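The values are calculated or read from the model by the stated rules, or taken from the named source; none is laboratory data. This one's a predicted model, so the numbers in the text were calculated from it and none came from an experiment. Ideal geometry is used to build each Cβ from the backbone, glycine not excepted, and the neighbour counts take in all protein chains shown. Just the protein is used for accessible areas: all its heavy atoms, side chains included, with ligands, DNA and RNA removed. Shrake-Rupley method; radii C 1.70, N 1.55, O 1.52, S 1.80 Å.
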Amino acid sequence: FVQIPAEESEDDLPSTEERADARLSGQDAAEGNAEGAVTEETEGDAQRDGDEAEQPDQTPTLSNKSRKKKKKRKTKKPSAGETLEDNDLENIDNLLEKIEDTNGLSQETQSGIIADSRPLLYVEHRNLNPENELKRYFGARAVLGDQRPRQRQRQNVRGTWLTAPDNSWPRYTSTGIAMQLLETRRGVQYFTFEHHRKYQQVQLLFLKNIESMDPNSVVPLLQALEPYHVDSLLLLSDAYRMQEDQEMARELVEQALYSLECSFHPLFSLTSGTCRLDYRRPENRSFFLALFKHMMLLEKRGCPRTALEFCKLILSLDPENDPLCVLLMIDFLALRAREYTFLTRMFQEWESHRNLSQLPNFAFSVPLAYFFLSQQEERSELELSQAREKAAQLIQLALIMFPSVLMPLLDHCSVQPDAVVSSHSFFGLNAQISQPPALNQLTSLYVVRTHSLWKDPAVMAWLETNVNEVLHMVDAQDPLVEDAEHKRKIRYQSAPRNIYRHIILSEVKEAMAALPPEVTSQPVMGFDPLPPLDSIISYTRPERTNHPSNESTLSLFFRSLLPNFNLQGDVRHDDEEAGAGQDLNQGVNRLMAAMRDMLANIQFQEPPRDDNPEGDGEWD
């Protein structure tokens, strides 16, 4: 009986959450806080006196006590955690912005441009989620629909930043992939992925299955052995993408990224920009390729801002070597996402040591970004005039350095050039024929990828003005024109291997047609296109013994046309010879049927005749 009144007095006192809410909501003058405290004490004393007067005895029952607690729960304000659970999907962006403001990461100027205090390749977690970008375009209700907030109890191990794991995915277990910290130099941390013994066996089995060139051969591998085998998921994703099943292709790439992110080292950070991975190690290439494929799918999905964030992430993993050459695409994503300040800042900071102006994409995209900045009315008149001058200066230099870009760009934009421009030799057909093959690859890649950004009538009018200025400089024999021609002849003789790798992954037909024979003649695998020549191999596949072949030359010729041809194949036992011969015959029959269809569809055109078609002359 002594403890019951004391317990009741503790219940009458405001709880810790109520006191915290009172402190948060009452940040006024000190006198107002004092008056509020006195009022609360007076009301509390009056409430206790009234309760004691209403009680007939000092032995209250348990039901009265529980009823009083229920009343207090009803009047108590919701806590911060409950509010966040109710409005999780709507307020997550605001919460992250508040956190970044408190850490001093997001400092905005009066013009709304983020200050340059953050690193250039700084990655924001919220920009890695495509749903946030879609909600900005279409609204949260249109994107989420009737979806409910995710359940807390789900079968996946952990939440991730790169992807949003779905409950329909296979249950994640230890896949045999781990990440190790190799060393730390000058504030930069060098990591690497490692394959354990179990994953190595699955990887070797995967390499054996892909020799058949059939993507279905890796399906049993995913179903039976390892549902999160990264290379198998990437290979199947390419197969679904070729069948125009973009949704399934995107889901498989996300599963690969989820598997790799679950094996991150605790010190590995996506946002710091100081974590490195060496592309020469085969274990690290899967992460690079998964990020690149995810970036391409995001761009096609209509999320250029999210794709730009992934592009910055890929570049931050190895900015010096850039193994996938994302510098050829980051300008396009920045323009599509309207991140003009980021593109101009990157050009200013990297031009001195990376010579970005020698790439056609930067030479044309940076002045286009300055032009778009000059069209923003919220800027001051001084900033607008500076942006216009910078845009005119850079676009003229780009036209002088890369004259072969203009005519294909106008052709893709369905714009008929002026007669003065089309008849001039500087921008004519000779400019495209005389350029080196490596430069032809870069210009074709840029024109096909970014021509839609130049279709704006205002952009075309600005381009026409500067083209006429360049023609005046050419006619006046400006020294810049001769210097640019000399640079084109010396440079761009052969492209580095990472540019070839980027063209293959981008699948731009015009650029792939200009690839040299030494690249097109060798087999290219989607899970590891053009591996580096100085690869660092940690474990190797057992070598297969070579056996002499007793097949005839004609048989070898027909087998070489089949996709599963392998001159140094496995030894077949006598009981397998019949089955192998039957498979060969079936393959040859399919090949011959395809050749018959091709020959049947060929239409021969009669040569033109110079004589009178109505005449009835005879052959001698």
Criterion (in the same structural domain as Phe362 (by the TED database), β-branched (Val, Ile, Thr), closer than 24 Å to Ile503 by Cα and surrounded by 14 or more Cβ atoms within 10 Å (Cβ to Cβ)) met by exactly one of Val474, Val470, Val447:
Val447
Mind checking whether some residue in segment 273-282 is touching a strand residue (DSSP E or B) at 6+ places or on another chain (Cβ under 8 Å), open to solvent by 10 Å² or more (accessible area, probe 1.4 Å) and of a type in the set (A, V, I, L, M)?
no
Evaluate segment 436-451: report whether one residue or more is of a type outside the set (A, V, I, L, M, F, W, C) and touching a Cys at 6+ places or on another chain (Cβ under 7 Å).
yes
Checklist (1) at pLDDT below 90; (2) of a type outside the set (Ser, Thr, Tyr); (3) open to solvent by less than 90 Å² (accessible area, probe 1.4 Å) applied to Ile503, failing item
(1)
Of the residues in segment 246-272, how many are under 22 Å from Glu226 (Cα atoms) and open to solvent by less than 20 Å² (accessible area, probe 1.4 Å)?
11
Being among the polar types (S, T, N, Q), closer than 30 Å to Tyr122 by Cβ and surrounded by fewer than 19 Cβ atoms within 10 Å (Cβ to Cβ): is that true of Gln223 here?
no
Right, His424: over 32 Å from the mean Cα position of the chain (by Cα) and surrounded by 12 or more Cβ atoms within 10 Å (Cβ to Cβ) or not?
yes
Residues located in segment 151-166, provided they are modelled with pLDDT of 85 or more and either over 11 Å from Glu261 (Cβ atoms) or open to solvent by 40 Å² or more (accessible area, probe 1.4 Å) (or both):
Trp161, Ala164, Asp166
Considering residues that are among the acidic types (Asp, Glu), over 23 Å from Phe402 (Cβ atoms) and assigned to a helix (DSSP H, G or I), the number found within segment 333-386 is 2
Within segment 408-421, the count of residues that are touching a helix residue (DSSP H, G or I) at 6+ places or on another chain (Cβ under 7 Å), open to solvent by less than 40 Å² (accessible area, probe 1.4 Å) and either among the hydrophobic types (A, V, I, L, M, F, W, C) or not in a helix (DSSP H, G or I) (or both) comes to 4
Could we say that Leu327 is farther than 22 Å from Ala387 by Cβ, assigned to a helix (DSSP H, G or I) and of a type in the set (A, V, I, L, M) here?
yes
Residues Val524, Val470: which one is at pLDDT 95 or above and among the hydrophobic types (A, V, I, L, M, F, W, C)?
Val470
When Ser232 is run through (1) over 17 Å from the mean Cα position of the chain (by Cα); (2) surrounded by 23 or more Cβ atoms within 10 Å (Cβ to Cβ); (3) under 14 Å from Ile177 (Cα atoms), the failure sits at (3)
